[in-house]
Structure formats: C-alpha cells, structure tokens
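Remarks on the structure that follows.
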C-alpha cells in the first residue's frame, strides 16, 4: 500500500537518511528511510508531500518519492535544484532538450580556462616587451641642453595587441550575468 504523507524533518542515522512524516489529516508521525536514485543525496524541506510505501517485508516501509511542486522541465529535460527551508530555489543545473546546460540562469556564457589563460599570457608577454623597450630607451637616452647635444631617441616598436578569447566561449553552457 502506498500512502501520501507530509515531511516534518530529516536526519541521518548510520549513513541513511530517515524522514519523520505524518499522514495527511492525522497527527500520527512515522519515521522511514528515504529511497533515491544511486548517487542522489537530497534532503527535503518540511512540508513536502511524499509517498510512503509498504515494502515486501510486513511492517517495513520507505519514502519513495515526493510531489514536485516546482516542475519546469520540458519533455526530455532534467533539472537539479536546491532550495532554502522555505522552498525558494537557490541553485540549479538545468539540462535542456536542445543541448544547452544552464547553471543558475541564462544570459551569459561560461568559458574554458585554458584558451583565456593562453590569450592573457600572450598579451602580458607583449606588454612586457613594450615595457622592456621603453626601459631600454629611457635608460640610454641622454637629454640635450644649451651646451650639449642629446642622444637621439630611438623609435619604440609599436606592437598592436590583437588577440581573441572567442574560442573560450561555450555556447552550450549559460549562467546568470554578474
């Protein structure tokens, strides 16, 4: 038999999540282990409607699922989220059916670190070359005056900083803009 219950609190006993709940419309409280998909560790907030099922062993029961009150995923999608104790979504990962993955929002892209680092390092190297050229010029230049002729300045090499981080953009992964 499967019954609808309302969660009151959760606790971990010997590595197992146990849920204290009560039957709808009654004050009888029960405590059951939570069954979930492998690799899924989630703890429901108080007030969630849950399914309590009797298992094959007489008197053995378990919580086997919850009524999702925040369903947004379209067919073929998967959405993982966490909430505060009031049920407000705080963080999510949404695997969309068009190949997109959203991390806490949309409107900005996530990036790959390696291409950005390579681009950044190349720009720093170019800037350091310009700084070194300036330092060499400044250290060797002797200004002229009314009674002495100065050393002519040598032309500084002008290096145009052209680089792109376009390859770092991941179109399939989005997040909330700052």
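Within the range 79-106, the set of residues being assigned to a loop (DSSP other than H, G, I, E, B), surrounded by 10 or more Cβ atoms within 10 Å (Cβ to Cβ) and touching a strand residue (DSSP E or B) at 6+ places or on another chain (Cβ under 7 Å) comprises 96, 100, 104, 105, 106.
In the set 157, 177, 153, which member is more than 30 Å from residue 34 (Cβ to Cβ), in contact with a strand residue (DSSP E or B) (Cβ under 9 Å, 6 or more places away or on another chain) and modelled with pLDDT under 85? Show your work before the answer.
Details: 157 fails: in contact with a strand residue (DSSP E or B) (Cβ under 9 Å, 6 or more places away or on another chain); 153 fails: in contact with a strand residue (DSSP E or B) (Cβ under 9 Å, 6 or more places away or on another chain).
Going through 157, 177, 153 in turn, the sole match is 177.
Evaluating residue 135 against the criteria (1) modelled with pLDDT of 85 or more; (2) more than 22 Å from residue 169 (Cβ to Cβ); (3) assigned to a helix (DSSP H, G or I) leaves one unmet condition, (1).
The values are calculated or read from the model by the stated rules, or taken from the named source; none is laboratory data. Nothing here was measured: the structure is a model prediction, and the numbers come from that model. Every residue, glycine as well, gets a Cβ built from its backbone with ideal geometry; the counts of neighbours run over all protein chains shown.
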